[in-house]
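The values are calculated or read from the model by the stated rules, or taken from the named source; none is laboratory data. Keep in mind the model is a prediction, meaning the values are calculated, not measured. Here the Cβ positions follow ideal geometry from the backbone for every residue, glycine too, while neighbour counts run over all protein chains shown. All accessible areas refer to the heavy atoms of the entire protein, side chains included, with ligands and DNA or RNA removed. Shrake-Rupley method; radii C 1.70, N 1.55, O 1.52, S 1.80 Å.
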Amino acid sequence: MQGFDDLQRRFDKVIREESKKRRQIHLKLNDLMKEEVDDEILDSGLRDRHGKVRSWQGKFPGSGGGYAAVRAIPGKNEYGYAYGYITNALENGHRVRRSYRLGYVSKSRRFTVEGYGFYDNARFMLKTWSRMGAEELAEWVRDVLEGRET
């Protein structure tokens, strides 16, 4: 009977502390994701020497610890454009506006600008890190149930 009481205490600990452990893992993943997005912005060909676009990206962990995201911070730049709007245009590309100024003839024949895809490129590593986070949580649960963690 004593073994069942010990097992019950271990189950209670898993139930009680699982959300804290999951939040720790998500915060760690959030740091890795932010670093990867910053690296992809640098590697994408976008000229961001001074880190302006990188500074617009923020870490957003879930309040309950159930998710982690990197996205544009709320707010607008000095010209009144939202950071999310600019980031979306850089990520996915955008159309080029035609000038309606009389007598102006554009020398450009481009109608669209291709995106840099830095979020999309960062998603590749996210799958690996998500798997690592799930394995870390599973190992913690196993250690608690086997009595190796106090």
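Summing charges over neighbours of residue 25, with a neighbour being any other residue whose Cβ is under 13 Å away from its Cβ, gives 0 when K and R count +1 and D and E count -1. Apolar share of the accessible surface for the stretch 43-150: 52 percent from carbon plus sulfur atoms, 1.4 Å probe. Restriction of the trypsin sites (Lys or Arg not before Pro) in the stretch 49-127 to DSSP coil positions whose beta-carbon has at most 10 other beta-carbons within 10 angstrom yields 49, 97, 98, 101, 107, 109, 110. Only DSSP H runs of four or more residues enter the estimate; each adds -39500 (n - 2.57), and after division by the residues of the chain the mean residue ellipticity at 222 nm equals -19500 deg cm²/dmol.
The orientation-averaged shadow of the Cα convex hull for the stretch 66-128, equal to a quarter of the hull surface, comes to 6.7 nm².
Computed from Cα atoms, the angle from the helix 118-145 axis to the main principal axis of the chain rounds to 10 degrees. Legend: distances between Cα atoms for 34/76; 20/52; 76/107; pairs beyond 25 Å are 20/52; 76/107.
In the context of the full set of protein chains, residues of the chain present 75 Å² of accessible surface per residue (probe radius 1.4 Å, heavy atoms only). Calculated on C-alpha atoms, the gyration radius of the chain divided by its Kirkwood radius gives an Rg/Rh of 1.23.
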